[in-house]
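Everything on this sheet refers to the single structure shown next.
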Amino acid sequence: MEQVINKLRQHESANKSRWRDEANSRHENKLWLRHSQYIAMQMLDKMEELGLTQKALASQMNVSQQYISKILKGHENLSLETLAKIEDILHLKLLVPAEDESLTL
C-alpha cells in the first residue's frame, strides 16, 4: 500500500486543485447561475435559428467573442445593460416587466 501511495505522490501536482473553491462558488451563487444558464440556452437556440455566430453577436454587442463565450457557458453574472443588448439583438424577452406597466418607455 505504501508503494502505491508513493507512486501517486510522484504524480501529484505542485498546484493545489481549485475544485473545492469552484464547487463552493457554484453553491453560493446557484440562484443567479440558474438564471444565467437559462439565458445562455435561450441565446444559443436563437443564435442557431438566426445563423448567428459568437463572433457576429460579439461585434453587434460591441464586446469580445471571449465574453460571449463566457455568457454562453452560463457562468457570467450579466448586467442589465448586457441583458438589454441581448434582448434587442436576438429579439428575445428575458426581462419581464412588472404587471403594472405605468412606466411607459
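Bear in mind these aren't lab numbers, they're just calculated from the coordinates by the rules spelled out. What you are looking at is a predicted structure, and each value in this text was computed from that prediction instead of being measured. Counting neighbours? That spans all protein chains shown, and the Cβs are built from the backbone with ideal geometry, glycine included.
Quick one: is GLU81 more than 19 Å from GLU48 (Cβ to Cβ), free of Cβ contacts under 8 Å to residues at least 24 places away in the same chain and assigned to a helix (DSSP H, G or I)?
So GLU81 passes the test.
Could you tell me which of the residues ASP45, ASP21 is exposed (fewer than 14 other Cβ atoms within 10 Å of the Cβ), of a type in the set (Asp, Glu) and farther than 18 Å from LEU92 by Cβ?
Sole residue among the options that is exposed (fewer than 14 other Cβ atoms within 10 Å of the Cβ), of a type in the set (Asp, Glu) and farther than 18 Å from LEU92 by Cβ: ASP21.
Scanning for something part of a loop (DSSP other than H, G, I, E, B), under 23 Å from THR82 (Cβ atoms) and not charged (D, E, K, R), does the range 14-22 turn up at least one residue? Before the answer, list the steps.
Within the range 14-22, the subset part of a loop (DSSP other than H, G, I, E, B) is 14-18.
From what's left, under 23 Å from THR82 (Cβ atoms): none.
No, that holds for no residue.
Of the residues ILE89, ILE68, ILE39, which is among the β-branched types (Val, Ile, Thr), in a helix (DSSP H, G or I), touching a residue at least 12 places away in the same chain (Cβ under 8 Å) and within 21 Å of GLU22 (Cβ to Cβ)?
Among ILE89, ILE68, ILE39, only ILE39 is among the β-branched types (Val, Ile, Thr), in a helix (DSSP H, G or I), touching a residue at least 12 places away in the same chain (Cβ under 8 Å) and within 21 Å of GLU22 (Cβ to Cβ).
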